[in-house]
Amino acid sequence: MSNLISQSIVEVVASLADTKARVSALERIISNGYIPTEVAETAINWIDERRFLKQCGRLVGPRESGKSRLCEEYENRDFDRVVRIKAPTDCSSKKVHRLILKGMNHAAKIRHRDDPRPVVVDSVPRLGVEVILIDNASNLDLEALSDLKDLYDETEVTIIFSGTSDLDVLLDAAGLLGSFPYYYPLASLSEVDFKKVLDAIEKKALNLPSESMLSEGEKFEILTACTGSLIGCLMKLLPTAILYSVQKVPGHGKDMGSQSESKLMYKLDNISLEALRKIAPGFGVKVPSKKANSHD
């Protein structure tokens, strides 16, 4: 699933099995969804500019700043002409070119000892590939970086590297920083953008029976402190917050005698302040003494 879309409201009262299924569904939406914030859309427009002008560049930001999710979204918007790969540790030139062929769904069978580069050079224009996105690009070795420069020189395919600041150090050491001159920085979201992200998640993904108001008050303070306003950290935190917000329904499950726990009923009204308070210490965040909160 790409863009987050409105989902069915979780029932106020449900069985344990149904509640688990709904929590799992919400977790998948949060983990796989793309949130079209102004920052993310500006970055996508930047890639479009490089593509139109047939230029190469770097998408650079700290871990958990949303680089991978952004690259995935860009590929999803034009799957036939965009290839996205993720470079493994110590990625050689042969390995990255094989991954590019795989990303193009190329049918050629290349023996392990054969050089895949000529096949890539031939296939990129023939298959109409216009953009190659390489995530974790700081894992590429020097030969791979040099050969990717040659791939651009021969085909004019736009190559966008995505990585941390280590990527710039690596390219500079290889004397290739000038070959990938265009730079787009990603960082922690501003307070305004972080609130927009939280509001978008609540309205387009969670759609719970009552508002969580994640962008307000102590909830916002805890989320900001725990995630550093990094969207990747937020996406890792929210599934746990959802799980911790599930409550047993008072009055249900009583007078059942020996009936099992699975017969009890549960509800998920919103992401509660209590759940966020419970999560915070795991992120090294100390929370103040418990306050009354109408949305908890």
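Every read-out reported here was derived from the displayed coordinates using simple, explicitly stated rules and does not represent laboratory data. On a predicted model such as this, the values are computed, not experimentally measured, just so you know. Cβ atoms come from the backbone with ideal geometry, glycine included; neighbour counts cover every protein chain shown.
Packing around the peptides 73-82, 240-249, taken as the average count of other Cβ atoms within 10 Å per residue, puts them in this order, highest first: 240-249, 73-82. For the chain, the Cα-based Rg and Dmax, in that order, read 23.2, 76 Å.
Model label sites at Leu142 and Lys54, defined 7 Å from Cα along the beta-carbon direction, differ in position by 3.0 nm. With contributions of -39500 (n - 2.57) from each DSSP H run of at least four residues, the per-residue ellipticity at 222 nm computed over the chain stands at -13500 deg cm²/dmol.
Averaged over residues, the count of other Cβ atoms within 10 Å places the peptides 54-62, 123-131, 155-163 in the sequence 155-163, 54-62, 123-131, highest first.
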